[in-house]
Structure formats: structure tokens, C-alpha cells
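As C-alpha cells, the structure follows; a few thoughts come after it.
The values are calculated or read from the model by the stated rules, or taken from the named source; none is laboratory data. It should be emphasised that the depicted structure is a prediction, and the values quoted were computed from it without experimental measurement. For neighbour counting, all protein chains shown are included, and Cβ atoms are generated from backbone atoms with ideal geometry for every residue, glycine included. To get the accessible areas, we keep the full protein, side chains included, count just its heavy atoms, and leave off ligands, DNA and RNA. Shrake-Rupley method; radii C 1.70, N 1.55, O 1.52, S 1.80 Å.
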Amino acid sequence: MKNNMIEEIEKYARENDIPIMQKDGIDFMCNYIKEHGVKSILEIGTAIGYSSIKMALVNDNISVVTVERDEERYNEAIKNINKFGLEDRIKVHLCDALDFKIDEKFDLIFIDAAKAQYIKFFEKYKVNLNKNGVIISDNLLFHGFVENIEQVRSKNLRQLVKKLIKYRKFLEENTEFKTTFYEIGDGIAVSKKEE
Ligand code: SAH
Ligand code: MG
């Protein structure tokens with residue numbers, strides 16, 4: 001039943017070109033949540049609620065706050081979350097994550113939104129991490145473009161790839177956080193605060 005509903009969302013995403021997490025990427029996230037006993041999650045980039053629903057389904061103690069700026073996707077996310085009866089554990093906010101204000105602290109912050117703004121998201125939300133909390137970012141490989149930028153013809157796309165390369169460098173050189181990069185899904189970075 002739940003599996004069918006998940007497949008429905010995956011199908012909707014495919015048909016409407018919505019960049020939800022790849023299967024191995026979301027499996028990695030869910031395993032991480034399970035293994036580290038993550039209870040509270042802040043997600044930047046809800047899209048249609050796919051990853052928040054998958055993460056909330058790991059166990060009943062998990063709660064998710066998630067932010068989406070696109071109204072149509074936000075509405076679709078609300079619809080999907082209601083179908084799963086998860087509206088008490090997943091709170092979606094319709095707004096730009098750069099304007100969103102929240103004081104709460106989280107075990108995990110998941111950055112999966114506009115790639116050009118990753119450094120800004122990271123700097124803005126790092127104060128919302130619990131002790132031992134972690135920031136996970138998606139799309140570090142960007143379909144392999146990051147490692148083959150010379151093959152990218154479109155100027156706009158190249159700009160975006162450059163931003164991601166800059167983000168990767170920002171993480172590598174960050175002395176406050178230690179980052180491990182995984183070539184899973186579209187490339188995942190796990191950043192932990194140094195003790
Ligand atoms: N995490 C989702 C996929 C997110 S796709 C999943 O795996 O199911 C990225 C989403 O981020 C898009 O829907 C886009 O509208 C949203 N987004 C991009 N920049 C944003 C911003 N600055 N604030 C809020 N949402 C943003
Ligand atoms: Mg993504």
C-alpha cells in the first residue's frame with residue numbers, strides 16, 4: 001500500500017521533471033537516519049514531499065520541517081503528505097529558504113535546493129544544528145558535470161557547475177566542519193561539526 005503510494009510519487013516526478021532524490025541517494029539518507037538515531041530533520045527543498053516522506057517513514061519518532069518556494073510543488077507536497085497521514089510529523093513551509101526564519105535545532109539538515117545557493121544555505125542554517133548534528137547536501141556530482149566541466153556547452157549550466165565546484169572546495173577547506181563525500185546517487189556530502 002505505502003509502496004504503491006511511493007511509486008505513484010516517483011512516477012509523478014518522472015512525468016513532471018521534478019528532481020527528487022535518486023533511489024540509492026534516498027536509501028543512503030534513510031540508513032544514515034536509522035543508524036545515527038536522527039529524530040529531527042530540517043530539509044531545504046521539499047519539491048513534492050518525496051524525500052521528507054521517505055525519511056519520516058524510517059520510524060515514528062522522526063519529525064521533519066521542510067521548505068519549498070514553488071507554490072505548485074508545495075501544494076503537491078501537502079497532498080502527498082496528507083495521503084500518508086504524516087501531516088503531524090512533516091511541516092512544510094512555502095517560502096524562500098534564504099528568507100525563512102527558524103530558531104529550532106535539528107539533528108540533521110538536508111540541503112537539496114538551488115545549487116547556486118548551497119554556501120548561503122550552509123552558512124545560514126549551521127546555527128540550527130544540534131550538538132553532534134550533521135549537514136547533508138545532495139547533487140555534488142550534478143550528473144557527472146562537476147567532474148567533466150569542460151564538456152558542458154551551455155553557459156548557464158557551466159555557471160551552475162562552477163558554483164558546485166566552489167561549494168565542494170568550501171566544504172573541503174572548512175575548518176569548522178569535516179566533510180565526507182560519497183559517490184552515491186547524484187553525489188552526497190556529509191558534514192560533521194569538528195569537536
Ligand atoms: N528533496 C526533494 C527534491 C528537491 S528538488 C526530494 O528528494 O524529494 C529542489 C527543490 O528546491 C525544488 O522544488 C525547488 O523549487 C526548491 N528550491 C530551490 N531553491 C529554493 C529556495 N531558495 N528556497 C526554497 N526552495 C527552493
Ligand atoms: Mg537533489
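Numerical summary
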read-out	value
Placed amide H near Lys91: partners under 5 Å, 5+ positions off or other chain	Val64, Val65, Thr66
Rounded percent of accessible protein surface that carbon and sulfur make up, the stretch 2-193, 1.4 Å probe	45
Rg over Rh, two decimals, the stretch 2-193 (C-alpha only, Kirkwood Rh)	0.94
Residue with peak Gaussian network fluctuation, the chain [Cα springs, cutoff 10 Å], from Gly37, Gly45, Gly185	Gly37
Cα centroid separation, the stretch 87-115 to the stretch 1-45 (Å)	16
Gain in span if fully extended, Asn82 to Asp60, counting 0.36 nm per residue against the direct Cα distance	6.4 nm
GluC sites (Glu not before Pro) restricted to the stretch 78-174 and DSSP loop, no more than 13 other C-beta within 10 Å	Glu87, Glu104
Amide H within-cut-off set for Phe106, under 5 Å, with H built and near neighbours excluded	Leu129, Asn130
Nearby lysines by direct alpha-carbon distance to Lys120 (threshold 16 angstrom, same-chain neighbours under 8 apart not counted)	Lys101, Lys162, Lys163, Lys166, Lys169
Sequence-distant aspartates and glutamates (8 or more away, or on other chains) whose Cα lies within less than 16 Å of Lys11	Glu76
Per residue value of the accessible surface for the chain (all protein chains in place, 1.4 Å probe), Å²	54
Unit charges at the beta carbon, dipole of the chain: most positive-side option, Phe28, Gly133, Ile119	Ile119
Listed residues Ala47, Ile102, Asn3: farthest to the positive end of the dipole of the stretch 2-193 (Cβ charges)	Ile102
Mean separation of Cα contacts under 8 Å (6+ apart) over length of the chain, as relative contact order %	19
Relative contact order %, the stretch 91-191, counting alpha carbon pairs below 8 Å whose residues are six or more apart	28
Above-threshold pairs, the threshold being 30 Å between Cα atoms, out of Lys2/Lys193; Lys91/Lys126; Lys34/Lys178	Lys2/Lys193
Point-to-point label distance, Thr175-Asp24, nm (Cα→Cβ direction, 7 Å offset)	3.6
Calculated FRET value between Ile102 and Asn130, using beta carbons and R₀ = 22 Å, to 0.05	0.95
